[in-house]
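Notes for the one structure printed next.
The values are calculated or read from the model by the stated rules, or taken from the named source; none is laboratory data. What you see is a predicted model; the values in this text were computed from it and never measured. Glycine gets a Cβ as well: all are built from the backbone with ideal geometry, and neighbour counts include every protein chain shown.
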Amino acid sequence: MRIIAQISRLLVGALFIFSGFIKANDPLGFSYKLDEYFQVFGTPWMSAISLWMAIGICAFEIGLGVALLLGAKMRFTAWSMLLMIVFFTFLTFWSWKFDVVKDCGCFGDFLHLEPFQSFMKDVVLLVLILFIFIKRNEIKPLFSDRTATVLAYLGFLASFLFSMHCLWHLPVIDFRPYAVGKSIPEGMLLPPGAKTDSVAMIFIYKKDGKEMELTMEQISTIDSTYTFVDRKDKLIRQGDKPPIHDFTITTVDGTDVTEDVLNMDRVFLLVAYDLSHADLSVQGQVNDFVALAQRDGIEFIGMTASGPSDVEKFKAANGTKHDFYFTDGTTLKTMIRSNPGLMLLKKGVVTAMWHHHDFPSYDEVKKSYLDKQ
């Protein structure tokens, strides 16, 4: 039991640090996942604090992982880990049982787990943490208790500062399908050998005032007392999806211009999923950038999920000289963790991107990315 507890300590501590680091690398993305849970559990008002909860959870997770590896404050550490894993096991069980949240977000965009996989991962962690909890009084700190405790607090602080850096700029390591160097057109394709959706034709018939769903085989056995109502396709098994499966760009009248934009030699995309919450402090720099890009004949378009009327108000209030196109809000949030954020595409390949806190000058971009092609 003691050996198992020590092995569990190493495995769980390392996993907590790794999981916390992956999420701390993209705190905004983790907050979006928390928002999904808040919607499922009927507490959408908690979205107002989801970002700070995301940062706090990451820091606490890494701090606990460091404390466990060092054997610091084992009574507090063991109790905290046990309570956390019980809570998250309940969440992942609920997601799997009722098919509500498709991905727990435990490892951000680095690794996507299906609901059942997430639940089983937490069950295994629960067993390991139980071993640690039982033997918590026998786990001694690697250094002095004070040194181990200070190092654990430093792990917490480092995680917090790292999350803030990634929030104010962009993720240090980008696991998203829109990362620099990725081709959006290629990301929209299924890889060879991918599984497709398995769909069955279902026929709806009525008999004695009751509707029933019948398969193709079953309708061969019915008689004239059944009345046909409708036919529908029922998903039996969901197939694989390409990394990018919801990327479209449309004009205000609904014209799809996705292919046109992805075929442009060079195009700047100003991504602002919600114009009403966009940071306006950078707007003067954006306007100057647009003017210089248009002078050089380089396309510059805005992408938003805000409505046409909101777009017109925004353009009038900020002297905007470029056009806006419309894309799903979730897609825009995935493309770049900034509102607004700037991306440069060359033939659909993401060449560079900037957070609005790091909005570049046009001359800087021209020298680094435009004059080199």
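Numbers at a glance
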item: Any hit, the range 245-265, residues being exposed (fewer than 13 other Cβ atoms within 10 Å of the Cβ), touching a helix residue (DSSP H, G or I) at 6+ places or on another chain (Cβ under 9 Å), free of Cβ contacts under 8 Å to residues at least 24 places away in the same chain and not basic (K, R); result: yes
item: Helices (runs of 4 or more DSSP H) contained entirely in the range 116-220, each with at least 2 residues that are farther than 25 Å from V86 by Cβ, modelled with pLDDT under 90 and not small (G, A, S); result: 145-168, 216-219
item: Residues being surrounded by fewer than 17 Cβ atoms within 10 Å (Cβ to Cβ) and under 25 Å from the mean Cα position of the chain (by Cα) - total across the range 271-285; result: 5
item: F76 vs. criteria surrounded by 20 or more Cβ atoms within 10 Å (Cβ to Cβ), not basic (K, R) and not in a loop (DSSP other than H, G, I, E, B); result: no
item: Verdict on F268 being surrounded by 13 or more Cβ atoms within 10 Å (Cβ to Cβ), in a helix (DSSP H, G or I) and hydrophobic (A, V, I, L, M, F, W, C); result: no
item: Sole exception among (1) out of contact with any Pro (no Cβ under 8 Å at 6 or more places or on another chain); (2) part of a helix (DSSP H, G or I) for I55, by number; result: (1)
item: Options W96, W79, W45: the member that is without any contact (Cβ under 8 Å) to a residue 12 or more places away in the chain and assigned by TED's automatic domain parsing to the domain that holds L157; result: W45
item: Subset of the range 99-149 that is in contact (Cβ under 8 Å) with a residue 40 or more places away in the chain and small (G, A, S) - its residue that is surrounded by the most Cβ atoms within 10 Å (Cβ to Cβ); result: G108
item: The range 1-55, residues that are at pLDDT below 90, more than 21 Å from T92 (Cβ to Cβ) and of a type in the set (G, A, S); result: A5
item: Cross-chain or 6+ apart pairs with Cβ under 6 Å, the range 198-220 first and in contact (Cβ under 8 Å) with a residue 40 or more places away in the chain, then surrounded by 11 or more Cβ atoms within 10 Å (Cβ to Cβ); result: none
item: Of residues in the range 286-314 being farther than 15 Å from F326 by Cβ and of a type in the set (F, W, Y), the one nearest to the chain's Cα centre (by Cα); result: F300
item: Qualifying residues in the range 294-307 (those that are out of contact with any Asp or Glu (no Cβ under 8 Å at 6 or more places or on another chain) and outside any loop (DSSP other than H, G, I, E, B)) - the one surrounded by the fewest Cβ atoms within 10 Å (Cβ to Cβ); result: R295
item: Where a residue in the range 317-335 is assigned by TED's automatic domain parsing to the domain that holds G284 and its partner, wherever it lies, is of a type in the set (S, T, Y) and crowded, with 18+ Cβ neighbours inside 10 Å, with Cβ under 6 Å and at least six apart; result: F324/T304; G329/Y273; L332/Y273; K333/Y273; M335/Y178
item: Some residue of the range 15-25 being over 18 Å from the mean Cα position of the chain (by Cα) and either within 26 Å of P340 (Cα to Cα) or of a type in the set (S, T, N, Q) (or both); result: no
item: Yes/no for G319 being farther than 25 Å from P185 by Cβ and in contact with a Phe, Trp or Tyr (Cβ under 9 Å, 6 or more places away or on another chain); result: no
